[in-house]
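Below: the structure, in structure tokens.
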Amino acid sequence: MDINGVSAVVTGGASGIGAAVCRTLAEAGAKVVIADLQADKGNELADEIGGMFATVDVTKTEDIVDAVEMAKSAGPLRVLVNSAGIGWAQRTVGKDGSYESAADLDAFKRVVAINLVGTFDCIRIAGTAMSQTEPLDSGERGAIVNIASVAAFDGQIGQASYSASKGGIVGMTLPVARDLAAIGVRVNTVAPGLIDTPIYGEGEGSEAFKANLRKGVLFPQRLGEPEELASVVLECVRNSYLNAETIRVDGGIRMPPK
């Protein structure tokens, strides 16, 4: 699918993997709406790539609709990348064995609400907008790419909420792709491993931490670059025969229990 001149919405697009995806899509000619809560970074990136910024909390449907309408004003909406998400680490049972020290249920629900429910809400809203566009000669109307995580398969101790949310994204990829086939929209998921983003911080301590992390990567034994992940997202968008698939981009790592 040629994306030159079409519009795209990237949630969580102001930083990290999302920002790399925004740059990659813009380089391919797409008009990108950066949907995020980080207004400073989002507007700065929008100026850099000639895109637009929309303040979006993916737990609020009205924010998602506004971002989709903004994208439609720039060109036919044919691309959605769901990159917004949060992490949370907590053990299921507390060390003292009291009910009060058990995992924070509200925190679990929040991770699932943002990572999984938010992703589905974006799909249903953007998918609806895509259904209203004129199909290409091939019958294709658009492509959706979700960002999951290897934690969907190799969840570590304390990652119950995060792994559940990302596993849910993997689990819904096929049924949603089957559903949206009726309107000519493909759905794929990319599951990154350890990607070198600002989440790991900066400085000597950060570098030491990352050096320890990369020991588990088969080859190349390093953290991935956001651009390497973004290139796979672009392929999922462009390759019209790639559908209903989850692709790990992780250097062959299989995460240990902790």
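Descriptive notes on the structure:
- For the range 34-74 versus the range 220-258, the spacing of their alpha-carbon centroids is 24 Å.
- In the chain, the calculated helix contribution to ellipticity at 222 nm averages -13000 deg cm²/dmol per residue, counting -39,500 (n - 2.57) for every DSSP H run with n ≥ 4.
- Per-selection Kirkwood Rh - the range 162-209 (Cα, Å, 1 d.p.): 13.5 Å
- Rh (Kirkwood; distinct C-alpha pairs) - the range 66-193, Å: 15.9 Å
- Packing-based exposure ordering (other Cβ within 10 Å, fewest first) of Leu174, Leu116, Leu77, Leu234: Leu174, Leu234, Leu116, Leu77
- Degrees separating the helix 16-27 axis from the principal Cα axis of the chain, which is the longest one: 20 degrees
- Between Ala14, Ala244, Ala71, the residue with the greatest mean-square fluctuation in the GNM of the chain (Cα pairs under 10 Å linked by springs) is Ala244.
- Rounded if a/c under 1.5, otherwise prolate or oblate - the range 7-249, Cα gyration tensor axes: prolate
- Pairs from the table (Lys95/Lys258; Lys166/Lys258; Lys95/Lys166; Lys215/Lys258; Lys60/Lys109) lying more than 20 angstrom apart at Cα are Lys95/Lys166.
- Least to most buried among Asp154, Asp36 (fewest other Cβ within 10 Å first): Asp154, Asp36
- Backbone geometry of the range 122-135 corresponds, through the Karplus equation with coefficients 6.51, -1.76 and 1.60 at θ = phi - 60°, to 3J(HN,Hα) couplings of 4, 5, 5, 6, 5, x, 4, 5, 5, 5, 8, 7, 6, x Hz, x marking Gly and Pro.
- Here the spin labels are modelled as points 7 Å beyond Cα on the Cα-Cβ line, and at Tyr99 and Leu37 they lie 3.1 nm apart.
- At full extension, Ser131 and Ala208 could sit 22.9 nm farther apart than now, given 0.36 nm per residue minus the alpha carbon distance.
Coordinate-derived values only; no laboratory data. Computed from a predicted model, the values in this text were never measured in an experiment. Counting neighbours? That spans all protein chains shown, and the Cβs are built from the backbone with ideal geometry, glycine included.
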